[in-house]
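Since the structure comes first, as structure tokens, the remarks are kept for the end.
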Amino acid sequence: MKDELKKYRKEEVLKTPEDYFDKFAYRMQMTIGEEEKKTSWLTKIAYTLKLRWSVPLMTVVMLSFFGIWYEQNDTVQLNDQDLMLFLAEENTDWSSTDELMDLTYEAKSPSYISDQELLMYLKEENIEHELIQSF
Amino acid sequence: MKDKELLNIYFIEGRKHYAFNLMVRSYSKRLYWHIRRLVHVHEDADDVLQNTFIKVWKGLPQFRAEAKLYSWMHRIATNEALNHLKKQKKISQDWDETLLQQLEDDPYFDGDEAYKKFIQAVDALPEKQKLVFNLKYFDRLPYADIVDLHGGTEGSLKASYHHACKKIKDFLLTD
């Protein structure tokens, strides 16, 4: 079967232009030279674009980072009303003033409860506290 | 010149162009005929060969000497040729007709009618069978060398070649 196909193996049917392979090698050298120029030109553009965009991009990234960081670390200024609201929302049963004081300190909020009010509260709750002894 | 020597020259500072020119001179003929038997027309084969060597030039810095230089180039050429054919088939409504027309228009084809029919038969083969058939039939490569170029086992390549021959014979007998 394979012998039947042998007659089609005619080398002379397909041809190439004269000196094609020598000319091709020369043409390839030229093409590679152009490719290199194109590549170096593209590299230059890429480098310029990199510089042009990387500085503003880094600035935006850094500003965003510090903005978020500042927002997260910003001190919360609570007044008594906020505190009351918080207590109401949390539905907390305050058994001692220590918890209230802790909460006040945690929130880093200046307390507007006067000493007099605090003393009254302590007396009502029958809590012994060094604050009573000091008065 | 051996692959290793060509690569050694390529990696010497300032000798890249010289080494590449040597590679083109060493392998362009072999690659051209491999491509030409896939795309059939000289002009297309010339374009594909040029694209192949541009890819070779771009890929050479990453080329590792463990692989054979020609096998690597042959794979690039095969992919380029097959992609070229796929594109052509996509834009052609009747590929058989287009192929015949292209052959007739090609000044570097002598117009042999029997060969035209034979080319049509080869072109109708599935990709792998076509590649194996071309390498075995035209280049007379041993199966071991075809394994190097396209992978697989000698047994599977023999089967592919056998099926290809049968299909071509059937195709030629139909008309």
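The values are calculated or read from the model by the stated rules, or taken from the named source; none is laboratory data. In this text the structure is predicted, and so the values were computed from the model without any measurement. Ideal geometry is used to build each Cβ from the backbone, glycine not excepted, and the neighbour counts take in all protein chains shown.
Okay, residues lined up against (1) under 19 Å from B:N51 (Cβ atoms); (2) out of contact with any Lys or Arg (no Cβ under 6 Å at 6 or more places or on another chain); (3) within 14 Å of chain B (Cβ to nearest Cβ); (4) at pLDDT 70 or above:
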position	(1), (2), (3), (4)
A:R9	no, yes, yes, yes
A:D22	no, yes, yes, yes
A:M30	yes, yes, yes, yes
A:G33	yes, yes, yes, yes
A:E36	yes, yes, yes, yes
A:M62	no, yes, no, yes
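Matching residues to (1) more than 10 Å from chain A (Cβ to nearest Cβ); (2) closer than 30 Å to B:E127 by Cβ; (3) in contact with a Ser or Thr (Cβ under 7 Å, 6 or more places away or on another chain):
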site	(1), (2), (3)
B:F11	yes, no, no
B:L22	no, no, no
B:S28	no, yes, no
B:Y32	no, yes, no
B:D46	no, yes, no
B:I54	no, yes, yes
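Based on what the data block shows, is B:L149 at pLDDT below 90, away from every other protein chain (no Cβ under 13 Å) and in contact with a Ser or Thr (Cβ under 8 Å, 6 or more places away or on another chain)?
yes
Does B:K158 count as surrounded by fewer than 16 Cβ atoms within 10 Å (Cβ to Cβ) and either at pLDDT below 90 or away from chain A (no Cβ under 13 Å) (or both)?
For B:K158, the condition - surrounded by fewer than 16 Cβ atoms within 10 Å (Cβ to Cβ) and either at pLDDT below 90 or away from chain A (no Cβ under 13 Å) (or both) - is not met.
Name, by its number, the condition in (1) in a helix (DSSP H, G or I); (2) more than 12 Å from chain A (Cβ to nearest Cβ); (3) surrounded by fewer than 19 Cβ atoms within 10 Å (Cβ to Cβ); (4) in contact with a helix residue (DSSP H, G or I) (Cβ under 6 Å, 6 or more places away or on another chain) that does not hold for B:A65.
So the condition that B:A65 fails would be (1).
How many residues are more than 14 Å from A:K10 (Cβ to Cβ) and either touching a helix residue (DSSP H, G or I) at 6+ places or on another chain (Cβ under 7 Å) or at the interface with chain A (Cβ under 7 Å from one of its Cβ atoms) (or both) when one looks only at the range B:109-127?
Number satisfying all stated conditions: 6.
Taking the residues in the range B:114-151 that are under 14 Å from B:H162 (Cβ atoms) and hydrophobic (A, V, I, L, M, F, W, C) as candidates, determine which candidate is surrounded by the most Cβ atoms within 10 Å (Cβ to Cβ).
Looking at residues that are under 14 Å from B:H162 (Cβ atoms) and hydrophobic (A, V, I, L, M, F, W, C), I get B:V132.
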